[in-house]
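Everything below concerns the one structure shown next.
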Amino acid sequence: MKITVLTAVLSLLLHLSAASETTRTYHDGIRHLKDTISTVEFPDGTLRSMALESRIAVPGHNTSFSIMWNISPDNSSFYSATIKPSEGRSDELLDDRHIEFTVCRVTPEGTERLHSSRLKEGFGMEDAENTLGVEISTDSAIVRVYGGEEMPRLLFERRMPDINSSKMGIASDGESDIRLLVSEYERDDREMLRTSWTGEKLMRHLEKSSFPEGIYRYLDRENDPRYARPGGSYTLALVKNAENGYDLIYLSGAQTNSGEWETGMVKGRLKPTIFSGHYDLVWYDATKKELSSECSADIEQAAILRLNFPLLKSSMRFSLLPQDKK
């Protein structure tokens, strides 16, 4: 049996939905740091990005403040970005004050300096508040360090493919006043929707399957364009899952965010109800945003799958392909 790539299906999109959501945490309990390290744990699993940003007042040239990343479990290995006010002077003729900025790789064997520069423009001196932040794009292994007083700017950027830890942190040599500390991360939603299904596995499974499992293609739709709009042409497989319901598995046809969808990813889930042929529906739109509130699905006439989105004033119907058309 061969599964033919078919076209023509509607993807429901909320106009203002985002590709994925950022989780932000304010660490209000950390306000002062003196000669110590404070770490921040990010969730295990695949993350698309993570970041740690601080707003700090470093009182004098005897104090340095650092953001650390890729911290080992015993804190013995890490990368660090550090700012330290210089011991300069300021008078009517000369102002040689500046911030020493360094990026280092620390291991039990020693410290390797990756970058060093003097920062003056855009940074406040003495007790002024400055921002220092590190953001990591984990899928591309790009690390960016930014900082400044009012308009933080990019200070350092490099690809670091050896990053394997989701622990970050801050450190102060001397006493630093922490005005703000916030962490952010973005999950890789592609991983959340991936399954073990492949095209080959689906073919083998559906050769032996019975109704309502099968390949479904778009038949027609009813929708209000003010609430939903077409976003692709999908082909879906309906297969049983471990929860006594069914999964809708994406096969092909994405147009909006087409690079984000792969064969074998979950496009929706049908959860059984007390009514025969009627299911509660969880649907993932083209941006992978979950739609579930008041959503439902019906299997009609032993050949039609209807997906209902009343809050979006929309519905879609899919027809089951005959066995010889798969």
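So the values come out like this:
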| read-out | value |
| --- | --- |
| Subset of region 276-307 [more than 25 Å from LEU206 (Cα to Cα) and free of Cβ contacts under 8 Å to residues at least 60 places away in the same chain] | GLU290, SER292, SER293, GLU294, CYS295 |
| Complete set of residues in region 198-220 that are open to solvent by 100 Å² or more (accessible area, probe 1.4 Å) and among the basic types (Lys, Arg) | ARG204, LYS208, ARG217 |
| Filter result for the condition that a residue is within 21 Å of GLY133 (Cα to Cα) and either in contact with a strand residue (DSSP E or B) (Cβ under 8 Å, 6 or more places away or on another chain) or of a type outside the set (Asp, Glu) (or both), over ARG179, ARG204, ARG190, ARG217 | ARG179 |
| Residues (open to solvent by 50 Å² or more (accessible area, probe 1.4 Å) and at pLDDT 95 or above) located in region 279-293 | ASP280 |
| From the options ALA228, ALA237, residue that is open to solvent by less than 30 Å² (accessible area, probe 1.4 Å), of a type in the set (Gly, Ala, Ser) and at pLDDT 95 or above | ALA237 |
| Filter pass, GLY199 being of a type in the set (Gly, Ala, Ser) and touching an Asp or Glu at 6+ places or on another chain (Cβ under 9 Å) | no |
| Contacts under 6 angstrom Cβ, first residue in region 193-206 being farther than 14 Å from SER252 by Cα, partner open to solvent by 60 Å² or more (accessible area, probe 1.4 Å), 6 or more apart | MET203/MET1 |
| Number of the exception - GLN255 against (1) surrounded by 16 or more Cβ atoms within 10 Å (Cβ to Cβ); (2) in contact with a Ser or Thr (Cβ under 9 Å, 6 or more places away or on another chain) | (1) |
| Whichever residue in region 73-83 is of a type in the set (Ser, Thr, Tyr) and either at pLDDT 95 or above or open to solvent by 50 Å² or more (accessible area, probe 1.4 Å) (or both) and, among such residues, is nearest to ARG159 (Cα to Cα) | TYR79 |
| Conditions (1) in a loop (DSSP other than H, G, I, E, B); (2) in contact (Cβ under 8 Å) with a residue 40 or more places away in the chain; number of the one not met by ILE56 | (1) |
| Residue identified as surrounded by 15 or more Cβ atoms within 10 Å (Cβ to Cβ) and within 23 Å of GLY199 (Cβ to Cβ) among ILE299, ILE249 | ILE249 |
| Residue count for region 263-278, restricted to those that are polar (S, T, N, Q) and surrounded by 21 or more Cβ atoms within 10 Å (Cβ to Cβ) | 0 |
| When residues of region 30-66 are limited to those that are in contact with a Leu (Cβ under 9 Å, 6 or more places away or on another chain) and open to solvent by 50 Å² or more (accessible area, probe 1.4 Å), the one modelled with the lowest pLDDT | ARG31 |
| Qualifying residues in region 232-258 (those that are in a loop (DSSP other than H, G, I, E, B) and out of contact with any Asp or Glu (no Cβ under 7 Å at 6 or more places or on another chain)) - the one nearest to GLY214 (Cα to Cα) | GLY245 |
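The values are calculated or read from the model by the stated rules, or taken from the named source; none is laboratory data. Note that the structure is a prediction, hence the values are computed from the model and not measured. We place every Cβ from the backbone using ideal geometry, glycine too, and count neighbours over all the protein chains shown. Ligands, DNA and RNA are stripped out before the accessible areas are found, and what is left, the full protein with its side chains, is counted by its heavy atoms. Shrake-Rupley method; radii C 1.70, N 1.55, O 1.52, S 1.80 Å.
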